[in-house]
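Notes to accompany the following structure.
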Amino acid sequence: MVLESGEKVVLFRPLEPYETPEAVERLCDAYDRALRDGVVDPLILIPCFILDFLCIHPFNDGNGRMSRLLTLLLLYRSGYMVGQYISIEKAIADSKESYYDVLQQADQRWQEGENDPKPFIRYMLAIILSCYRELESRMRLSGQIGKKSTAYDIVKMYVQGTLGKFSKQDALEACPGLGSSSVESALKKLVEEGAIIRTGAGRKTKYMRSTET
């Protein structure tokens with residue numbers, strides 16, 4: 001990291017290249033052994049594996065992207081299939097500030113074996129839970145579509161289950177089967193009713209429930 005003064009500060013130093021292959025092999029062996037023994041739940045093991053992978057930093061570039069692919073793979077192997085329907089990568093990208101904060105907390109003194117992985121574990125569990133909640137919401141909305149609900153009813157239900165700011169595109173993705181104009185009309189009506197608040201303009205337009213202000 002470069003400070004405003006121009007001074008460079010090293011927040012974390014990964015392993016040397018010659019140490020990497022053995023470290024990755026040890027990590028994979030330890031994970032498989034822990035999973036086989038069944039002492040620790042996979043939902044705890046997976047964030048620990050990902051944290052260690054990021055700390056090993058085996059590639060010059062693309063470690064973050066690879067860690068998210070590994071997260072999907074390990075979740076699939078343990079029977080958690082939410083990533084087939086909801087983008088875990090998008091959920092992490094939408095909370096990237098929190099992601100980097102907890103990563104910085106969790107990798108302190110990693111090379112000495114004295115780091116605390118709990119912040120990263122809690123973050124990843126929250127991400128997975130949020131994806132399952134979004135999947136549940138979409139399934140509920142799909143059921144409403146089957147009952148011939150209006151676009152307004154469907155968008156309103158989506159809004160009621162949403163936290164924080166969201167865009168028209170977010171609403172479109174969460175309301176399969178609705179067109180852009182239908183979603184836009186529903187959002188406009190919700191703004192007029194005072195159910196949601198609109199901020200920004202054009203592509204930067206965002207909405208949030210009025211009860212959150």
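The values are calculated or read from the model by the stated rules, or taken from the named source; none is laboratory data. Owing to the predicted nature of the structure, the values given are computational and were not obtained by experimental measurement. FYI the Cβ positions are ideal-geometry reconstructions off the backbone, even for glycines, and counts take in every protein chain you see.
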Would you be able to say whether some residue in the range 79-86 is in contact with a helix residue (DSSP H, G or I) (Cβ under 6 Å, 6 or more places away or on another chain), surrounded by fewer than 16 Cβ atoms within 10 Å (Cβ to Cβ) and either assigned to a helix (DSSP H, G or I) or not polar (S, T, N, Q) (or both)? yes
Spot the failing condition for GLU114; the list is (1) part of a helix (DSSP H, G or I); (2) modelled with pLDDT of 85 or more, and only one is missed. (1)
The one condition in (1) surrounded by 14 or more Cβ atoms within 10 Å (Cβ to Cβ); (2) basic (Lys, Arg); (3) outside any helix (DSSP H, G or I) that LYS189 fails to fulfil: (3)
Can you tell me how many residues in the range 185-200 are within 26 Å of the chain's Cα centre (by Cα) and over 12 Å from ALA171 (Cβ atoms)? 4
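Can you tell me which of VAL183, VAL159, VAL155 is among the β-branched types (Val, Ile, Thr), at pLDDT below 90 and more than 22 Å from SER95 (Cα to Cα)? Lay out the reasoning, then the answer.
On the way: VAL183 fails: at pLDDT below 90; VAL159 fails: more than 22 Å from SER95 (Cα to Cα).
That would be VAL155, the only listed residue that is among the β-branched types (Val, Ile, Thr), at pLDDT below 90 and more than 22 Å from SER95 (Cα to Cα).
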Of the numbered conditions (1) outside any loop (DSSP other than H, G, I, E, B); (2) touching a residue at least 12 places away in the same chain (Cβ under 8 Å); (3) out of contact with any Lys or Arg (no Cβ under 6 Å at 6 or more places or on another chain), GLU89 fails exactly one; give the number of that condition. (3)
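If you take the residues of the range 162-180 that are modelled with pLDDT of 85 or more and over 17 Å from ALA93 (Cα atoms), which of them is nearest to the chain's Cα centre (by Cα)?
ALA171
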Got at least one residue in the range 105-120 being more than 17 Å from the chain's Cα centre (by Cα), more than 30 Å from LEU45 (Cβ to Cβ) and not polar (S, T, N, Q)? no
Cβ-Cβ under 7 Å, sequence separation 6+ or interchain: first residue in the range 18-38 and at negative phi and in the same structural domain as PHE59 (by TED's automatic domain parsing), partner of a type in the set (Val, Ile, Thr) and not in a helix (DSSP H, G or I). Which pairs? ALA34/VAL40
Give me the pairs, please: first residue somewhere in the range 189-205 and in the same structural domain as LYS165 (by TED's automatic domain parsing), second residue anywhere and assigned to a loop (DSSP other than H, G, I, E, B), beta-carbon distance under 7 Å, and either six or more positions apart or on two chains. ILE197/THR213; ARG198/THR205; THR205/SER167
Report, by residue number, each residue of the range 94-111 that is out of contact with any Pro (no Cβ under 7 Å at 6 or more places or on another chain) and either assigned to a helix (DSSP H, G or I) or charged (D, E, K, R) (or both). ASP94, LYS96, GLU97, SER98, TYR99, TYR100, ASP101, LEU103, GLN104, ASP107, ARG109
Suppose we filter MET124, MET139, MET157 for residues that are in contact with a Ser or Thr (Cβ under 9 Å, 6 or more places away or on another chain), farther than 29 Å from GLY202 by Cβ and part of a helix (DSSP H, G or I); which single one remains? MET124
